[in-house]
Amino acid sequence: MSLADFGNAGKWVKELWTRNISEGMLIVDATAGNGHDTAFLARLVGASGHVFAFDIQKRAIENTRALLEREGLIDRVSLFCESHETLRKYVPSQIDAAVFNLGWLPGAEHICTTRVHSTRAALLSALDILKIGGFVTLCVYPGHSEGEAEKQMLLSLARELDDKLYDVWAGGYLNIQAKPPLLIAITRRKRQN
C-alpha cells in the first residue's frame, strides 16, 4: 500500500486497526457516531470478540444499532447511550484497544461535540484497563474551538505518559493550511525499559 492509498486520517487509522485487531479481541469504541467505525471493528474482532460502543447522543446509538443489524453484527457489540467517560462502569475486563474519533456526529448539528474533560477522563480510564501490548487511537479534529482544546490537552497528556509504560506517536498533515486532523496512537509497552 502506498501513501497515496491512505488519502485521509480515517484511512490511516483503519490501516492501524486492520494490522493490530484480530479475532477474539475486546475493543472500546469511545465515540460510536453513525456506527461505521463500530461495524468495521466488529468485523475485525469476529464472532469471538466484542466491541463496547459509547455515544451520548440517542440518534448516534440508533444509527449505529440500525447499521449493525443490517450487517448482521449486532451480537458482537454492546451499545451504551452514555458518555465515554463512564466506560469503566460497563466494560467487564481488560481491553485490547480503545478508539476515539473526536468531534461531532456526522450529519448532525455541530452544537454537540466531544469535550475536553470527558475525553480526558475516558482516555485515562481506557489506559487503566488496557492490556500490555494493547493500544489506543485518537483522531482529533482541531478545526473548531473545542477540537483545538482537545488537541492541546491530548498532546500535553501524551507527553506526560511514562515512557517506560507507553509509546506515543502523533502524526498529521503538514501542508494543509486549514487545521488538519491529528492522529495519536498510544501503545502499552510489552516490557519496561
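Given the whole protein assembly as supplied and a 1.4 Å probe, what does the accessible area of residue 162 come to in Å², nearest 10?
In the full protein context, residue 162 sits at about 70 Å².
Quick one: which residues, 5+ away or cross-chain, put their amide H under 5 Å from the amide H of residue 98? H built at 1.01 Å from N.
28, 135, 136, 137
List the residues whose amide H sits under 5 Å from the amide H of residue 165, counting only those 5 or more places along or on another chain, with H placed 1.01 Å from N in the peptide plane.
Close amide H contacts, sequence-distant or interchain: none at all.
Around residue 22, what is the net charge, scoring Lys/Arg as +1 and Asp/Glu as -1 over all other residues with Cβ under 15 Å from its Cβ?
Counting the neighbours of residue 22, the net charge comes to +2.
In sequence order, what are the phi-derived ³J(HN,Hα) couplings for the range 29-45 according to the Karplus relation 6.51 cos²θ - 1.76 cosθ + 1.60 with θ = phi - 60°, rounded to whole Hz, with x for glycine and proline?
Values per residue, Gly and Pro as x: 9, 6, 9, 4, x, 8, x, 5, 5, 4, 5, 4, 5, 4, 5, 5, 6 Hz.
Pull up the cross-link candidates among the aspartates and glutamates for residue 151, meaning alpha carbon to alpha carbon under 15 Å and not fewer than 8 places away within one chain.
Cross-link targets: 160.
Just list whichever of 14/190; 58/89; 89/164; 11/179; 58/179; 14/131 have alpha carbons separated by over 26 Å in the model shown.
The answer is 89/164; 58/179.
The values are calculated or read from the model by the stated rules, or taken from the named source; none is laboratory data. Not measured: the values here are computed from a predicted model. Quick reminder, even Gly has a Cβ in these numbers, built from the backbone with ideal geometry, and neighbours come from all protein chains shown. Each accessible area value is taken on the protein alone, full model and side chains, heavy atoms only, with ligands, DNA and RNA left out. Shrake-Rupley method; radii C 1.70, N 1.55, O 1.52, S 1.80 Å.
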